[in-house]
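The structure is given below, and queries will be raised subsequently.
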Amino acid sequence: MQRLAIGGMAEVLLAVEHGAHELERLVVVKRMLPHLADDPGFREMFLQEARVVARLSHPNIVQIYELGDEGDDSFIAMEYVAGVTLRDLVRRATHDERPIPFDVAVSLITQASAGAHAAHELTSPDGKLLGLVHRDVSPHNLMVNRHGHVKLLDFGIAKATFAEGDSTRTGTIKGKLHYMSPEQVLQEPLDRRTDVFSLGIILWELFTGRRLFKHDTELATMHAIINGEMEDPRGFRPDLPEALATVTMRALANDRDDRIATADQLRLALDEAARACALRASPDAVAPFVEELMGNELRKADRGAQETLARAKELPLETEDRTTVDGPSDGPVRHQTGSASKNNSETLPRASSPKKRGAPKRSWALTLGLAVGAGGLLAGVVGSLAMLKHREPSVEGPVIRVGWAPTYDPKALIQDMEPLRLHLERATGRPIQFVVGQTYAETADGLVHGDVAFAVLPPTIFVRTERKEPKVRAIATKRVGGSSGSDGVLLASDGSGIGSLAELKGKTLCIPDENSTTGALLPKLALKKAGLDWGRDVTIVTSGNHLQVLRDILSHRCDAGGTYSTVFTSAVTQGVNVAGLRQLAITGRAPQDAMVLGPQVTKDDEALVTRALLAFDGTQGGQGAAPGNVERVTGFEVVKPFDYQALRELVAHEEEKQPGPPR
């Protein structure tokens, strides 16, 4: 079975709603992933937030139709928006070297501001302001249709103070780092002004054609946001009217008390500035620009949608091979994947919904894998069916066990990679089990001895294991954020007083594991260049994983620590206040972790798993977000002969100087 998208929390399905009198429309169904549905607390949060957001009704917000919760399934059904994300529109404009006209930029943000303000003003039935905050206003979550209208998507991580029981319930995931406010990075209490700041970032980027807070490392990005490191947009666009630049910088005030206070005030200020500059800031200005840049993709999306509706009409309402919707089953509901159609998509037969008193009978056809045009063209928004009794396709045969080195907390790692495990089960037809070792070496030993058939190993422990047992072999390399490599960094706390590597002499250094590349091997080489002896001039403490290294630095268990640059976003999602850290040095670059096969794996299983890995596309999660909050794996690629060659030479040189079996 294929989906439109899958993320760390939910999967997104394209569906056809069949109403009374043969009325039909496309909707988007967002369903919580099975491993989260088993958590009563998370499930209730999912439902409670959806109940609140479903009450939003505004032309600049994607409409939620229904909310469903039955048995093990929780899901929402939303309006399908045929358009492009603002992210895709900006990318195309950048590719075509087309500056976004000022009136287009103003219209996009005034519409987005209107939608955000409607959310901020949402009240409970008794009239109490709920204090809803989106927390993820970004180009990824703004849809633009061919008529120039903007809709704000995805309130899945919104924060609200609910009236019921005077309790506060907060989403478990933060927003996208490059569009966070200073208070969001610092994990302070949030209000509507954090969304105003995010709108200000987008406005600045639309005016300048540049990224405001894009830096070499995520830690540098966080410091830039916290310290308000930004330039007047007229430094990049001298022709930008001063009135528009002034509004932009007011929205980006570092101190929220100095910031434009509401999204509606931002909208009004932009409208006034546009009129003063004689700009036509309306959807009528946006529509021709969208058509010129993305018209072909939009027409392709329209054809795909019509084909989906046509296929749904041809299917019988009742068949043996179906996924049922709405209603309990006398036996286990099953889905059998038949042969793929020419466009590599599958359509599930329609299934009748039970009648609601006073409501017309409806049915839903789930159409999976309809991927056309740019990544955002099929983005819809959440809604819910009354019940969705859908299960993963049955799997059979021997279990394929995959080991994971404990780069993060084991529980978080397993939960984070559930979308990948489900993908591997669907792609291989075999049961897949993920297990996390106590140490990197234990994971590698389990691979060599056959406790696991495959293992995801960091590069140094892979190379050391390969030297010990030549039959192990890397079959694919992870991509994180689209990159097959990562930078090692040495960090210290802001109050440590350490300003250079030489000042680490006599200090304590935390590492995730002695076999970590970015956490141990690269720092060891960096200290050697600085004239320090590893283990003699610097005391080494093993934290156990990369996030714990950060925690240990912040708690002053260590004076400094080794990790990799993109750990910071993952740390924020796990509650680590990385604003108290600063970067001492970049220690080098290493390849991403490798999927490695063990000596006992058959050729058939090797081919089966390799194909499945290379077919995994984590970029579909949330229009470009990685599938989870920790590993953030976006895919796998074929191992190139030179990927690990430099590391092999380095490890060989190290072991020749210190003979003995690899640790």
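Along the Cα→Cβ direction, 7 angstrom out, place labels at T123 and I586. What is the inter-label distance in nm?
Each label point lies 7 Å from its Cα, and together they span 5.3 nm.
While we're here: Can you give the FRET efficiency for A261 and L525, using 1/(1 + (r/R0)^6), R0 = 51 Å, r = Cβ-Cβ distance, to the nearest 0.05?
0.50
Pull out the extension gain between D537 and S555, defined as 0.36 nm times the separation in residues minus the alpha carbon to alpha carbon distance; nm, one decimal.
My answer for the length gained is 4.3 nm.
Pull out the extension gain between T94 and K640, defined as 0.36 nm times the separation in residues minus the alpha carbon to alpha carbon distance; nm, one decimal.
Result for the pair: 193.5 nm of gain on full extension.
Just read off the accessible area of T542 with the full protein assembly in place, 1.4 Å probe, to the nearest 10 Å².
Near enough 80 Å² of accessible area.
I'd like the distance separating the alpha-carbon centroids of region 461-501 and region 60-138, in whole Å.
37
So how much slack lies between D239 and R280, counting 0.36 nm per residue of separation and subtracting their Cα-Cα distance, in nm?
Fully extending the segment from D239 to R280 adds 13.1 nm.
Here's a follow-up. Ignoring everything but the protein chains, give the 1.4 Å probe accessible area of D593 in square angstrom, nearest 10.
Counting only protein heavy atoms, the figure is 20 Å².
Among the listed pairs K411/K471; K528/K640; K478/K524, give every one whose C-alpha distance is greater than 26 Å.
Pairs exceeding the cut-off: K411/K471; K528/K640.
Along the Cα→Cβ direction, 7 angstrom out, place labels at T246 and A607. What is the inter-label distance in nm?
Label at T246, label at A607, 7.0 nm between them.
Taking 51 Å as R0, compute the FRET efficiency from the Cβ-Cβ separation of I414 and E291 and round it to 0.05.
0.65
Sort S496, S570 by heavy-atom solvent-accessible area, probe 1.4 angstrom, most to least.
The ranking, largest first, comes out as S496, S570.
Might you work out the accessible area of E649 for me, using a 1.4 Å probe with all protein chains in place, and round it to the nearest 10 Å²?
Here the residue's solvent-accessible area equals roughly 110 Å².
So if R0 is 35 Å, what FRET efficiency would V435 and D494 give, r being the distance between their Cβ atoms, rounded to the nearest 0.05?
Result of the calculation: an efficiency of 0.40.
The values are calculated or read from the model by the stated rules, or taken from the named source; none is laboratory data. Here the structure is a predicted model, which means the values were calculated and not measured. Cβ sites come from the backbone with ideal geometry, for glycine too, and all protein chains shown count toward neighbours. These accessible areas exclude ligands, DNA and RNA; they are computed on the full protein's heavy atoms, side chains included. Shrake-Rupley method; radii C 1.70, N 1.55, O 1.52, S 1.80 Å.
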